[in-house]
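J.: Here you go, one structure.
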Amino acid sequence: VNRKGCIGTTSDTVHVVNPNIPFTISASRTAVCDGDSVTLLISTSVPGVNFTWATAESNVLVPASGTGNVISLPLDLVDGIQSGFVDFIITPSNNTCASVPQTQRIQVNVVPAEPTISIVGGSSPICPGTSLSLTSSQLFNNQWFRNGVAVQAPQGTAVSLVASDSGNYQVRFT
């Protein structure tokens with residue numbers, strides 16, 4: 001009330017805080033095999049920022065949430081048979097307000113079975129002037145070796161290899 005008996009107007013001050021905290025996520029890898037670890041490094045140039053994270057996953061065992069600017073975890077598939085993924089949803093805050101989150105997806109792949117070799121059309125050892133066909137149990141992504149040296153493509157990466165030279169043969173899944 002002023003001197004003349006009138007009611008004056010008042011104004012309230014409202015502070016709107018809308019932090020848009022820029023930050024980066026660096027992943028050690030974006031695709032791993034079952035049981036491998038992944039490390040995410042989260043950084044910003046803004047002082048006093050804290051980070052919280054949550055996960056959304058498909059077929060991966062992983063903690064649901066955590067805090068800090070370094071996330072380092074082993075990622076295990078639920079069943080070891082079907083691949084999956086983890087989305088890390090990372091939110092920065094300045095102790096008052098949360099900022100806009102970012103998501104980093106990590107693919108978790110099944111570890112392929114070790115291939116086995118079967119001999120087709122002959123027996124081991126082979127004699128000079130003869131050959132036999134070696135076949136991998138894996139249909140794709142093979143690399144054949146003779147005496148520890150990779151056999152050149154295309155035969156060295158096929159499902160089958162015709163062996164006509166003596167030596168020790170191996171196949172690896174790549």
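J.: For segment 40-136, what is the per residue volume of the convex hull drawn over the alpha-carbon atoms, in cubic angstrom?
T.: Looking at segment 40-136, the number lands at 150 Å³ per residue.
J.: Identify, among G80, S131, T96, the residue whose Cα sits farthest towards the positive end of the charge dipole of the chain, taking +1 on the Cβ of Lys and Arg and -1 on the Cβ of Asp and Glu, with the dipole about the Cα centre.
T.: Value computed over the given set: T96.
J.: While we're here: For the chain, what does the relative contact order come out to in percent, with C-alpha contacts under 8 Å and a separation of six or more?
T.: 17
J.: Same structure again: Ignoring ligands, DNA and RNA, what accessible area per residue does segment 15-174 give at 1.4 Å, in Å²?
T.: 59
J.: Taking H placed 1.01 Å from N in the peptide plane, check which residues at least 5 places from S83 or on another chain put their amide H under 5 Å from its amide H.
T.: Under 5 Å from the amide H of S83: V110.
J.: Follow-up. Of (1) 52; (2) 43; (3) 14, which one was derived for percent of Cα pairs over 30 Å apart from the structure shown?
T.: Read-out from the structure maps to (1).
J.: What range in the chain is the longest one free of trypsin sites (Lys or Arg not before Pro) that are in a loop by DSSP and have at most 10 other Cβ atoms within 10 angstrom?
T.: 5-174
J.: To the nearest 20 debye, what is the magnitude of the charge dipole of the chain about its Cα centre, counting +1 on the Cβ of each Lys and Arg and -1 on the Cβ of each Asp and Glu?
T.: 620
The values are calculated or read from the model by the stated rules, or taken from the named source; none is laboratory data. Since the model is a prediction, treat every value here as computed from it, not as a measurement. Every residue, glycine as well, gets a Cβ built from its backbone with ideal geometry; the counts of neighbours run over all protein chains shown. Quick note on the areas: whole protein, heavy atoms, side chains included, nothing else; ligands and nucleic acids left out. Shrake-Rupley method; radii C 1.70, N 1.55, O 1.52, S 1.80 Å.
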